[in-house]
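S.K.: The structure is given below, and queries will be raised subsequently.
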């Protein structure tokens, strides 16, 4: 993914956090493969010979894949988990949840028998290329209308209300201005037009913050992943906290500050409401088991402490890499730092590197900085006195 | 080829002072000694760097503080045997160039990549080692 280097200052912590997000992210190649695969599933389900073709099946991705907040999972063989929804045009009264799931499964098995697995709410297709595609069967929610859908769930008797498209629109709305700004500066840099840069190739500080929080959470709760705070909780709170910061560090600081306040109980109950369906409380489970809430607050306090450590570190990258490795994982930090070094080398090769007067700090000359002199080309040589 | 004009020690000193007003500078008997503080990035450590220069010699650059090759730790790449930094190759630098506009930013860049190297073991600043010197260095390493 393209990175979103901040325009205002040469904040290197931002760049490292950006790179961490980039290392965790699904990557452009895999993203495109995943898109092709879910589209192929859609074509298979809607082909003329399909027994569900008459219900005009529509498939679309949902969750972190659409929000651009996907990260490498700790478990599942480190496979990305791409969620999709298939909606069949059927009325709730005409079919049971079990029948709906079976209808979709019966069609999927014809083309994907070898890679198909049944899960509680969905069918999962395992692709060799480091990801699996979950397909959630659904029908339109005619009572709520719009893009609302009803999902199956073998553990629950009632149909589950959902509206992933509306949630994605809400999330994108929280970062729309920043996204437009980033695309504009990116277009300028790449000498391209804004229309040539698809949204999915860009990551805003909000998306990076969600990725960083998710990864931090996964490592923090690695002994008990089943009881970690849900991604939807993190994503919703982080998006509610986001005020259009251009710096990932600033956005992260404000998120760890505000999230515990937003999540605090109101009139004795925890309420993290679905922004597009206030009847749904993402914190329902916390009210049943307050230990879950305590875990969440313990974790946000830990993130806050970690961010403070990173922002106050003064001993250089080597002093930063240890605390960041315990937060995000050593291999992730190593890769991020290597990318950080590569990007500096690339800037010098492109002739956009400058050195700030007075401090010697290296800056990208395209960004407005205190007076800087250009860094001209040279070659670090060996240890021989020929130099 | 365009003939280049050698920059005088006084001009070098003036430019260093202009870009780094807080640095220490001494010129004695045709020899310039500059000690300045560089912070290659805003999360990098601060380094005291020394440059020694005479008109008829190549500039000599070293890190005064902190110790960049503490004993018992692997030796950073692109360092001469006497711990001076290897910043350029052949004619990339000549006496017509301002130290403050070439050697100093290259030093800052060296320090930036040195930090990444310390944390990852990988040097991404580019450059190369002559094969002969590498053998010698390896020998030195195996017999400390």
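S.K.: Is the stretch A:275-292 home to any residue that is surrounded by fewer than 17 Cβ atoms within 10 Å (Cβ to Cβ) and either closer than 30 Å to residue B:112 by Cα or within 14 Å of chain B (Cβ to nearest Cβ) (or both)?
M.R.: Looking through the stretch A:275-292, none of the residues is surrounded by fewer than 17 Cβ atoms within 10 Å (Cβ to Cβ) and either closer than 30 Å to residue B:112 by Cα or within 14 Å of chain B (Cβ to nearest Cβ) (or both).
S.K.: So is residue A:125 in contact with a helix residue (DSSP H, G or I) (Cβ under 6 Å, 6 or more places away or on another chain), crowded, with 20+ Cβ neighbours inside 10 Å and in the same structural domain as residue A:55 (by TED's automatic domain parsing) or not?
M.R.: The answer is yes for residue A:125.
S.K.: If you don't mind, another one. Can you name the condition, by its number, that residue A:138 falls short on among (1) modelled with pLDDT of 95 or more; (2) part of a helix (DSSP H, G or I)?
M.R.: For residue A:138, the failing item is (2).
S.K.: Okay, moving on. Would you mention how many residues in the stretch A:84-101 are without any contact (Cβ under 8 Å) to a residue 60 or more places away in the chain and within 20 Å of residue A:126 (Cβ to Cβ)?
M.R.: Summing the residues that are without any contact (Cβ under 8 Å) to a residue 60 or more places away in the chain and within 20 Å of residue A:126 (Cβ to Cβ) in the stretch A:84-101 gives 3.
S.K.: Which count do you get for residues in the stretch B:109-124 that are buried (at least 24 other Cβ atoms within 10 Å of the Cβ) and touching a residue at least 24 places away in the same chain (Cβ under 8 Å)?
M.R.: 6
S.K.: A further question on this structure: Within the stretch B:114-128, how many residues are more than 7 Å from chain A (Cβ to nearest Cβ) and not in a loop (DSSP other than H, G, I, E, B)?
M.R.: Result for the stretch B:114-128: 2.
S.K.: If only one of B:43, B:51, B:68 is part of a loop (DSSP other than H, G, I, E, B) and touching a strand residue (DSSP E or B) at 6+ places or on another chain (Cβ under 9 Å), which one is it?
M.R.: B:68
S.K.: Which condition breaks for residue B:48 when tested against (1) touching a helix residue (DSSP H, G or I) at 6+ places or on another chain (Cβ under 8 Å); (2) modelled with pLDDT of 95 or more?
M.R.: (1)
S.K.: Then there's this: For a quick check of your reading: which helices (runs of 4 or more DSSP H) sit entirely within the stretch A:155-256 and have at least 1 residues that are touching a strand residue (DSSP E or B) at 6+ places or on another chain (Cβ under 9 Å)?
M.R.: Once the helices (runs of 4 or more DSSP H) in the stretch A:155-256 are filtered for at least 1 residues that are touching a strand residue (DSSP E or B) at 6+ places or on another chain (Cβ under 9 Å), what remains is A:164-174, A:176-190, A:231-241.
S.K.: Still on this model: From the list B:70, B:66, B:76, which residue is more than 8 Å from chain A (Cβ to nearest Cβ), in contact with a helix residue (DSSP H, G or I) (Cβ under 7 Å, 6 or more places away or on another chain) and surrounded by fewer than 23 Cβ atoms within 10 Å (Cβ to Cβ)?
M.R.: Step by step, each of B:70, B:66, B:76 is checked, and only B:76 is more than 8 Å from chain A (Cβ to nearest Cβ), in contact with a helix residue (DSSP H, G or I) (Cβ under 7 Å, 6 or more places away or on another chain) and surrounded by fewer than 23 Cβ atoms within 10 Å (Cβ to Cβ).
S.K.: Sort out which residues of the stretch B:27-45 are more than 8 Å from chain A (Cβ to nearest Cβ), in contact with a helix residue (DSSP H, G or I) (Cβ under 9 Å, 6 or more places away or on another chain) and closer than 24 Å to residue B:111 by Cα, and write them in order of number.
M.R.: Correct list: B:32, B:34.
S.K.: To continue, here is another question. List the strands (runs of 3 or more DSSP E) that sit entirely inside the stretch A:304-375 and contain at least 2 residues that are under 23 Å from residue B:123 (Cβ atoms).
M.R.: Output list reads A:353-356, A:362-364.
S.K.: Next question. Which of (1) farther than 21 Å from residue B:73 by Cβ; (2) within 7 Å of chain B (Cβ to nearest Cβ) does residue A:347 not meet, given it meets every other one?
M.R.: In the conditions (1) farther than 21 Å from residue B:73 by Cβ; (2) within 7 Å of chain B (Cβ to nearest Cβ), residue A:347 misses (2) alone.
S.K.: Just to check your reading of the model, which residue among B:87, B:111 is within 13 Å of the chain's Cα centre (by Cα), assigned to a loop (DSSP other than H, G, I, E, B) and under 25 Å from residue A:338 (Cα atoms)?
M.R.: When all the criteria are applied, what remains is B:87.
S.K.: Which condition does residue A:13 not pass, out of (1) surrounded by 20 or more Cβ atoms within 10 Å (Cβ to Cβ); (2) assigned to a loop (DSSP other than H, G, I, E, B); (3) at pLDDT below 95, if it passes all the others?
M.R.: (2)
S.K.: Considering the stretch A:39-54 alone, what residues qualify as being surrounded by fewer than 20 Cβ atoms within 10 Å (Cβ to Cβ), in a helix (DSSP H, G or I) and in contact (Cβ under 8 Å) with a residue 24 or more places away in the chain?
M.R.: A:42, A:44
S.K.: Okay, moving on. Please work out which residue is modelled with the lowest pLDDT, limiting yourself to the stretch B:21-45 and to residues that are crowded, with 20+ Cβ neighbours inside 10 Å and under 26 Å from residue A:311 (Cα atoms).
M.R.: Restricting to residues being crowded, with 20+ Cβ neighbours inside 10 Å and under 26 Å from residue A:311 (Cα atoms), the top hit is B:43.
S.K.: Is there a residue being within 26 Å of residue B:125 (Cβ to Cβ) and touching a residue at least 60 places away in the same chain (Cβ under 8 Å) anywhere in the stretch A:267-289?
M.R.: No; the residues of the stretch A:267-289 include none that is within 26 Å of residue B:125 (Cβ to Cβ) and touching a residue at least 60 places away in the same chain (Cβ under 8 Å).
S.K.: Of the residues A:327, A:336, A:356, A:313, only one is buried (at least 18 other Cβ atoms within 10 Å of the Cβ) and modelled with pLDDT under 90; which?
M.R.: Criteria check complete, one pass: A:313.
S.K.: Working carefully through the options A:75, A:108, A:136, find the one that is in contact (Cβ under 8 Å) with a residue 60 or more places away in the chain and closer than 30 Å to residue A:335 by Cβ.
M.R.: A:75
S.K.: Quick one: would you say residue A:61 is free of Cβ contacts under 8 Å to residues at least 60 places away in the same chain, buried (at least 19 other Cβ atoms within 10 Å of the Cβ) and closer than 30 Å to residue A:329 by Cα?
M.R.: yes
S.K.: Inside the stretch B:91-108, can you point out the residues that are more than 8 Å from chain A (Cβ to nearest Cβ), within 15 Å of the chain's Cα centre (by Cα) and in a helix (DSSP H, G or I)?
M.R.: Of everything in the stretch B:91-108, those that are more than 8 Å from chain A (Cβ to nearest Cβ), within 15 Å of the chain's Cα centre (by Cα) and in a helix (DSSP H, G or I) turn out to be B:99, B:103.
The values are calculated or read from the model by the stated rules, or taken from the named source; none is laboratory data. The structure displayed is predicted, hence computed values, not measured ones. Neighbour counts run over all protein chains shown; Cβ positions are idealised from the backbone, glycine included.
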